[in-house]
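The structure that follows is given in the form of structure tokens.
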Amino acid sequence: MEKILLKNIENPNSADIAEYMKTGGYQSLPKALGMQPKEIIEEVKKAGLRGRGGAGFPVAMKWTFASADPKFPKYLLCNADEGEPGTFKDRPILEKNPHLLIEGMTISGFALRAEYGYIYLRGEYPAAKDILNKAIAQAYEKGFLGDNVAGKGFKFHLAVHQGAGAYICGEETALIESLEGDKGQPRIKPPFPVNVGAFAKPTVVNNVETLSNLPYLIGTGGEAYAKIGSPECPGPKIYCVSGHVEKPGVYELPMGTNLKDIIYSHCGGIKGGKKLKAVIPGGISTPILPPDKIDCAMDFVNMPKHGSMLGSGAVIVMDESVCLVKVCYRALKFFEHESCGKCTPCREGTGWLRKVLGRIENGQGMESDIDLLQSIAGNMLGKTFCPLGDGAASVVQNFIKHFRPEFEAHIKNKACSTG
Amino acid sequence: MFSETAKKELEEIRLKYPNARAALLPALYLAQREFGWLSPEAYEAVSSLLGVPKAITRGVGTFYAMYKHKPMGRNIVQLCTNVSCMILGAERLVDFLKIKYGLEPGGTSPDGQFSLVIMECIGACGTAPAMLVNDDFYENLTEKYIEEILEKYK
Amino acid sequence: MIKVTINGKEIELEKAVTVLDAARSAGIKIPTLCYHEQLEKYGGCRLCLVEVEKMPRLQTACTLMVTDGMVVRTETETIANVRRSVLEFLLINHPLDCPYCDKAGECELQDLVEKYGARAGRFTEEKRKVPESLEDPVLVRNMERCVVCTRCVRMCEGVQGAAALGVISRGGHSHIEPFSGGKFECEYCGNCVSVCPVGAIMSRLHRHSYRPWQLVSETETICPYCGVGCTLVAQVRDDVIKRVVPRIGTPVNNGLLCSRGRFGYEFVGSKERLTSPLIRKKGVLEESTWEEAISLVAKRLGEIKAKHGSDAISGIASPRCTNEDNYVFQKFMRVTLGTNNIDSTARTGYAGAQAFIENIFGQGSTANLIPGLANSDAVLVAGGDPTAVNPILGLQIRACARRGGSILTIGHVKGLRHYSPVELRPALFRETLALEGIVSALKNKKGLPGSNQILEAKLKDINTTPQEAAGACGVTEKDYAAFVDRLSGAATPAIVIGKEIVQSSGGNYKLFLLAAINYLVNGRIYLLSERANEQGLLDMGCAPDLLPGYRPLAYAEFRKRYETAWKTAISERPGLSIFGMIDAAKQGSLKAMYVMGENPVYNLPNSRDVEAALQKVDFLVVQDIFLSETAKLADVVFPALSWSEKSGTFTNMERRIQRVRKAVSREGMEDWRIIAEIARNMASKFHYTGPEEVFAEICKVSPLYRDLTYEEIEKGQSIYPYKGEPLRSTLEGISVDKGTGAVAASRFYLRLERPLFHSGTLSRKAAALVNIYSGALARISAADAVSLGVKDGDVVRVSTKIGSLELPVAIDGAVEQSVVMLTNNFEGKGAFGLAEYAVDPVTGAPVIDCNAVMIEKVER
Ligand SMILES: Cc1cc2nc3c(=O)[nH]c(=O)nc-3n(C[C@H](O)[C@H](O)[C@H](O)COP(=O)(O)O)c2cc1C
Ligand code: SF4
Ligand code: FES
């Protein structure tokens, strides 16, 4: 497949506007500006583009809601918080192909009639911040941003807003709170951001990868775009693979590429020829899969049928040397650290789960602890304010579901058998 | 106090937003740069510059992991230990930093050169284990590589 | 019409409400914790989760709005489990120190656990430990008990507007702290205490001295402090007020209180309370019996009246006493003693300002509803900080700002600084120019409405240019114009006027200008009132020129009515104002003075002069609850009952008549009864069995309170004029005296600080308030501190022509340059000891802004 999102990134100057333009950049923008905003949304709908941030929400639908709201100004926010452990798919776009994102945002901004855009960039990407700021300055200079974009009378301003280390700010309403200068705690929905979002105005939040699809999508048209990848969720997808594979890294492949193929053909299989123990297919919040369950097409529609989720497409591969109790414990440590504290089950539950997992890991677990973990997780699942708490609970449930013997062995032997 | 340059920077940042409150996160970053950490004085300065009550400012600041609430060493070593890094040996590196540099997680080396902060995922899982020293990424870490890197910052 | 089904029960609703409200309206209980009716929705605790058909997840009843056809279940097994598990989560880190916790018995968590379970603990790890924070005089924090419902934070930021509390850190480390981490350093309203569902933030007053269920006796009464007139509930054990709490649904304060109202009640139980009458014998005040004191007073007053005439006697009424007290007092002065020499400290601003405004806009024109401020689209504040003087009114201004209204201030108003006020800060003595500029600009912008010719005639000559006006405020013409635009663009503006304007040189002219602004923008005026019954005492006729019901003495027909009612002739000579009394005393023409519940030696400017004057009076009677500075000079002192020990009524600044009720008992007599006893000893027929009978007479004779009864008042909405006669609205010409125009000639001028935590004689005896703000300070601006070479805490000598004080310096961002702010709230360190005054020729208020001050550092 030709590279669309990661096009040209091996080129050391790929972040420069001249390079970007040399390879066809900023050509979709004038085309888009020649269309009606509605027509753009129509193309996106035809393309069947779904959000790449994790939930796979149809982009055109979100845009239609925001466009229908009569309030102005409207805001377009790019979710560049990329915090889901295992995920590093947006970073290459941000660092190596910033103009693709800027062009995508400008097109999207026009489609939404949004005058202001912000890139909510996680604080842990300081290099990307400088690169983006530079790229934005270049785009202003060339007239692709500003009061009169590409001379077509469209006003669009773009700025980077740097987060400060909070995974929850990836959740769109928390992101908005954080943009507004508050703690990143999710908001009550409804009202949804498309009606009452940033600064109480209609707001669309889309992921970096999602927005970066726009130049190509508009360039080729929605129908052609829809031919890439799986029919239910077309388009290219960046899979980021880490852990025990021969060639970890980012892979731009058609949406719906088989997980097994990703691991074994694209990434060269398990590192050192060891045995595969487990795969987390879409970032740490998505359900873990044992080796016999990884023959599945990686897209938003298909993965749930296999008991997991596409999430951010962050594949974490673990070989036989890994202690899953420890991984589970580490994951819960993460959730405990990132719980925003707003709702009771998540605030108290993540810590409690972590503590129980900690004692099992330490060899001080009790037989009843597995039931206790299940019960705590059960008491969290579906009762928290936002999906973060659900994620924490489901991690515990799925680890136990597929690897219960390992937990039992830990408790019985008062030690890890993995080493 | 904020230096004049910082004040000017803040004024520019302020213009990027429809209200002053939205400039709070960047203002806290500036304050951290100016004061070294977010001391009570730093919070008071930010509060008065943006007209946000100081208890609120502090509440917001303490929510975020990247704002520091105690004085830091000259360089901040931010080592990821999340799953992808962990399974590729990040814990060994934590031990190494402790033994070799006297760096405890959350602590500062006795010579004040380095502070160690344990990070959640920093988006370098494909090149794990990884860390940031101040604003610079270092990936595919080994003990030896860490030694080389830290040498540069001494 | 929206139909919803909850637990099989069909409920019809007029408009969309939350599922919680819908359920409550049908008598279905859903447990809540983070929800609070006064606060913004939160949805954090998850106790109120319910099942909703067609929704995949459980929903929080407190946030979900009903839609037509919605089917909700609140009592399924799933829901029972959810409640139990949420409570279990809340308990894992909650200390089980209920036996020691003052909240036990009214703790929402305790009640919920009792009802919904989570019995045996499955959490075996160590609980979170946070030490108790006792750094504050009035509040105590126990953060390990906190359930992070954030009700306190939402109250503090979103309702009180103090924003002193924040949730620090996140996740399981979340905890609530004031900025300092220890001491609150806040407005100490204690509204966080009201909303805390557990024992995490509590009052320190009477800590561990009661259990909530022992507070069996509760009395709903009115706060004794300011003119807002908040309803408060005094909760009593063993005849001691253990705490004071607000109640949701009361008309003015609806569940809120300020620091004075909540924590200022301890003066009631002060050891310094007077216990028996005192008579001066051989120069010393000695305890006596009631009989002796009463007959002595009757005898001496009789003698003086006979010898020197009625007008050699004067009386000072009290804005802290009830309407009943004040009515009887003025009647005693007029009927028994035969003089109109009756006045009060309302003369220091409120009375004259009100009369002035009413003269232009009609009687009752300043009686506007306090909660209505929140709905204005602009509020102009001049002459003080409403959030300190009338805190609960101040909250309504903050609410107005929160709802998007413009806040416009003349001068820097500290309590509104976080509400993006548009400020004009005129230089010293240049306020007039600033106001004239606004009037001129509004005139040009909006034109004259033409409805008030007399007023408009006076506006002709006001033509201050924007340059001059902007110059006086040190702003650009553009900023000045922006201020005017906000004001002129408002549809429902309100103008809030504080005493500082009234007490400044040319005060009456400034009032006129504010009235003109009000006229031009079609606004409404609020006059800040510092004392609980300042309005009521005026209603009662405690003024030298007004009979009860604001009937001018000057009109024979009004006199006649009272003569008939009281069966006595009333002197037609207007009496002396309070300042006239001081002058007469100095000159020796005033022979006797009767002071009820007031402390003129402290509460009038130039206090040493007042003291000297009162010393010259042959016979001084004082009724008070403390041996005040004035009482110390008296020949006879009567111990009075305090507000919480008697019944009656107060009338607030909205002219809402409200019931004051006895909460605790004490031996002694109410003020009115003491006076009635003396009157009877002087052969007047003052036969009242109780306050209700006094009130019945008031309602019979005063047109304003006509036909009102205690029963009627209890219903809650008795706002005057109550079934009254039409209000007088004739304009009798507007007299304005611009004065000569003061100019800043000295380096520093004295200004009065009116702090949130104090209000003169009473608050000085309320331990909690004294602990919050415990000593006099000289507040100056940072720039002046630099030029004087002093820093916070350095001691300085502040002197005026008439006196000097040594005080520590406090650098205060709210103080303008060239100003020294002093309070008049600390014994021996009162600002009024340094302030000379002149009387405003129109309003009769003291003008105190011309006191030049010297400051020197005292080297130690
Ligand atoms: C706890 C949590 C964390 C999230 N983190 C991210 C993130 O880091 N990046 C992202 O793009 N979306 C994240 N999301 C999803 C966003 O809420 C939102 O769905 C997304 O930004 C929408 O963009 P899309 O439609 O383009 O995917 C997160 C959601 C949750 C609940
Ligand atoms: S606002 Fe005034 S009346 Fe109300 S509680 Fe406070 S002091 Fe009392
Ligand atoms: S009361 Fe509804 S979530 Fe707390």
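The values are calculated or read from the model by the stated rules, or taken from the named source; none is laboratory data. Computed from a predicted structure; not experimentally measured. Reconstructed Cβ throughout: ideal geometry from the backbone, glycine too, with neighbour counts over all protein chains shown. The area values use the complete protein model at the heavy-atom level, side chains included, leaving out ligands, DNA and RNA. Shrake-Rupley method; radii C 1.70, N 1.55, O 1.52, S 1.80 Å.
Take a quick pass over chain B and tell me how many lysine pairs come in under 27 angstrom between Cα atoms, counting only ones 8 or more apart or on separate chains.
Step by step, the pairs that qualify in chain B add up to 28.
Within the range B:75-151, what percent of beta bridges assigned by DSSP are antiparallel, to the nearest 5? Walk me through the numbers before you get to the answer.
Numbers: 7 of 14 bridges.
Of those bridges, close to 50 percent are antiparallel.
So what's the gap between the Cα centers of the range A:119-150 and the range B:42-68, to the nearest angstrom?
Comparing the Cα centres of the range A:119-150 and the range B:42-68, I get a distance of 26 Å.
Please work out the FRET efficiency for the pair A:N258 and B:D95, using the Cβ-Cβ distance as r and a Förster radius of 22 Å; give the result to the nearest 0.05.
Working: r = 39 Å, r/R0 = 1.76.
Here the calculated transfer efficiency is 0.05.
Same structure, new question: Would you work out the relative contact order for the range C:166-214, in percent, from Cα pairs under 8 angstrom that are 6 or more residues apart?
On the way: 21 pairs, mean separation 8.8, N = 49.
Once normalised by length, the contact order is 18 percent.
A follow-up question, please. If I model a spin label at C:K801 and A:A200 as a point 7 Å from the Cα along the Cα→Cβ vector, what separation in nanometres do I get?
Going from the C:K801 label point to the A:A200 one covers 5.3 nm.
Write out the chymotrypsin sites (Phe, Trp or Tyr not before Pro) in the range C:539-604 meeting two conditions: DSSP loop, and at most 13 other Cβ atoms within 10 Å of their Cβ.
Working: sites: C:Y550, C:Y555, C:F558, C:Y562, C:W566, C:F579, C:Y594, C:Y602; in loops: C:Y555.
Passing sites in the range C:539-604 are C:Y555.
Counting only protein heavy atoms, probe 1.4 Å: which residues of the range B:103-152 lose 30 Å² or more of accessible surface in the full assembly compared with their chain by itself?
Residues shielded by partner chains are B:E120, B:C121, B:G123, B:C125, B:G126, B:D135, B:F137.
Between the alpha-carbon centers of the range C:380-449 and the range B:86-100, tell me the distance in whole angstrom.
62
Here is a follow-up. Can you compute the FRET efficiency between B:Y153 and A:D295 using 1/(1 + (r/R0)^6), with r the Cβ-Cβ distance and R0 = 51 Å? Round to the nearest 0.05.
Details: r = 47 Å, r/R0 = 0.92.
It comes out at approximately 0.60.
Report the FRET efficiency, 1/(1 + (r/R0)^6), for B:N140 and A:N11, where r is their Cβ-Cβ distance and R0 is 22 Å, rounded to 0.05.
Values: r = 22 Å, r/R0 = 1.00.
The formula returns an efficiency of 0.50 here.
Would you work out what percent of the accessible area of the range A:236-319, with all protein chains in place, is carbon or sulfur (probe 1.4 Å)? Working shown, then result.
Working: 1370 of 2500 Å².
C and S atoms contribute 55 percent here.
Are there trypsin sites (Lys or Arg not before Pro) in the range A:146-255 that DSSP puts in a loop and that have at most 15 other Cβ atoms within 10 Å, and which ones? Walk me through the numbers before you get to the answer.
Working: sites: A:K152, A:K155, A:K183, A:R187, A:K227, A:K237; in loops: A:K152, A:K183, A:R187, A:K227.
Those that pass, being in a loop and sparsely packed, are A:K152, A:K227.
Next question, about the same structure. Which value, in debye to the nearest 20, gives the size of the charge dipole of chain B about its Cα centre, when Lys and Arg are +1 and Asp and Glu are -1 at the Cβ? Provide the component values of the computation, followed by the final result.
Values: 17 positive and 19 negative charges, 89 e Å.
So the magnitude is around 420 debye.
Any idea what the relative contact order of the range C:301-402 is, in percent, if you count C-alpha pairs under 8 Å spaced at least 6 apart? The partial results should precede the final answer.
Values: 86 pairs, mean separation 19.1, N = 102.
Computed over the range C:301-402, the figure is 19 percent.
Computed on protein heavy atoms with a 1.4 Å probe, what is the summed buried accessible area for the chain pair B and A, in Å² to the nearest 100? Don't jump to the answer; show the numbers that get you there.
On the way: alone 8610 and 16650 Å², together 21780 Å².
Summing both chains' loss of accessible area gives about 3500 Å².
Using alpha carbons only, how many degrees (0 to 90, rounded to 10) separate the axis of helix C:578-587 from the longest principal axis of chain C?
40
While we're on this one: Can you give the charge dipole size of the protein assembly as shown about its Cα centre, rounded to the nearest 20 debye, using +1 on the beta carbon of Lys and Arg and -1 on the beta carbon of Asp and Glu?
Numbers: 170 positive and 164 negative charges, 184 e Å.
That gives a dipole near 880 debye.
Return the long-range amide H neighbours of C:I525 (sequence gap of 5 or more, or a different chain), with a cut-off of under 5 Å between placed amide H atoms.
So C:I525 has HN proximity to C:I495.
Any idea how far apart A:E19 and C:S217 come out in nm if each label point goes 7 Å out from Cα toward Cβ?
8.5
Here is a further query. Farthest toward the dipole's positive end in the range C:350-527, which of C:L408, C:I360, C:Q503, given Cβ charges of +1 (Lys, Arg) and -1 (Asp, Glu) about the Cα centre?
Going by the Cα projections, it comes out as C:L408.
If you count only protein heavy atoms with a 1.4 Å probe, what accessible area per residue comes out for chain C, rounded to a whole Å²?
Result: 36 Å² per residue.
Which percent of the accessible area of the range C:2-75 is formed by carbon and sulfur heavy atoms (probe 1.4 angstrom)?
Values: 1670 of 3470 Å².
That fraction is 48 percent.
Which trypsin sites (Lys or Arg not before Pro) in the range A:27-89 sit in a loop by DSSP (not H, G, I, E or B) and have at most 15 other Cβ atoms within 10 Å of their own Cβ? If you can, show how the numbers build up before the last one.
Working: sites: A:K31, A:K38, A:K45, A:K46, A:R50, A:R52, A:K62, A:K71, A:K74, A:K89; in loops: A:R52, A:K71, A:K74, A:K89.
In loop regions of the range A:27-89 (DSSP not H, G, I, E or B), the sparsely surrounded trypsin sites (Lys or Arg not before Pro) are A:K71.
Using protein heavy atoms only (no ligands, DNA or RNA), what is the total accessible area buried between C and B, 1.4 Å probe, nearest 100 Å²? Show your work: numbers first, answer last.
Numbers: alone 33080 and 8610 Å², together 40520 Å².
Counting protein atoms only, the buried area is about 1200 Å².
At 1.4 Å probe size, with every protein chain present, just tell me what the per residue accessible area of the range A:380-419 comes to in Å². Could you put the intermediate results ahead of the total?
Numbers: 1650 Å² over 40 residues.
So the range A:380-419 comes to 41 Å² accessible per residue, rounded to a whole number.
For chain A, what does the relative contact order come out to in percent, with C-alpha contacts under 8 Å and a separation of six or more?
On the way: 877 pairs, mean separation 65.0, N = 419.
For chain A, the relative contact order is 16 percent.
Here is the link list: A:K355/A:K414; C:K331/C:K632; A:K74/C:K478; A:K326/A:K412; C:K305/C:K646. Which ones come out longer than 20 Å on Cα distance?
Numbers: A:K355/A:K414 16 Å; C:K331/C:K632 26 Å; A:K74/C:K478 30 Å; A:K326/A:K412 16 Å; C:K305/C:K646 31 Å.
Those over the limit are C:K331/C:K632; A:K74/C:K478; C:K305/C:K646.
Using 0.36 nm per residue, how much length does the chain from C:E287 to C:E456 gain when fully extended, once their Cα-Cα distance is taken away? Can you show the working numbers first?
Numbers: separation 169, 0.36 × 169 = 60.84 nm, distance 6.07 nm.
Full-extension gain reported as 54.8 nm.
Compute the distance from the alpha-carbon center of the range A:221-268 to that of the range A:180-215, in whole Å.
27
Between C:A831, A:Y225, C:C34, whose Cα lies farthest towards the positive end of the dipole of the protein assembly as shown when Lys and Arg beta carbons carry +1 and Asp and Glu beta carbons carry -1, centred on the Cα centre?
Positive-end residue among those listed: C:C34.
What size of dipole, in debye to the nearest 20, comes out for chain A about its Cα centre when the only charges are +1 on Lys and Arg C-beta atoms and -1 on Asp and Glu C-beta atoms? Write out the running numbers ahead of the final one.
Details: 49 positive and 45 negative charges, 51 e Å.
With only Lys, Arg, Asp and Glu charged at Cβ, the dipole is about 240 debye.
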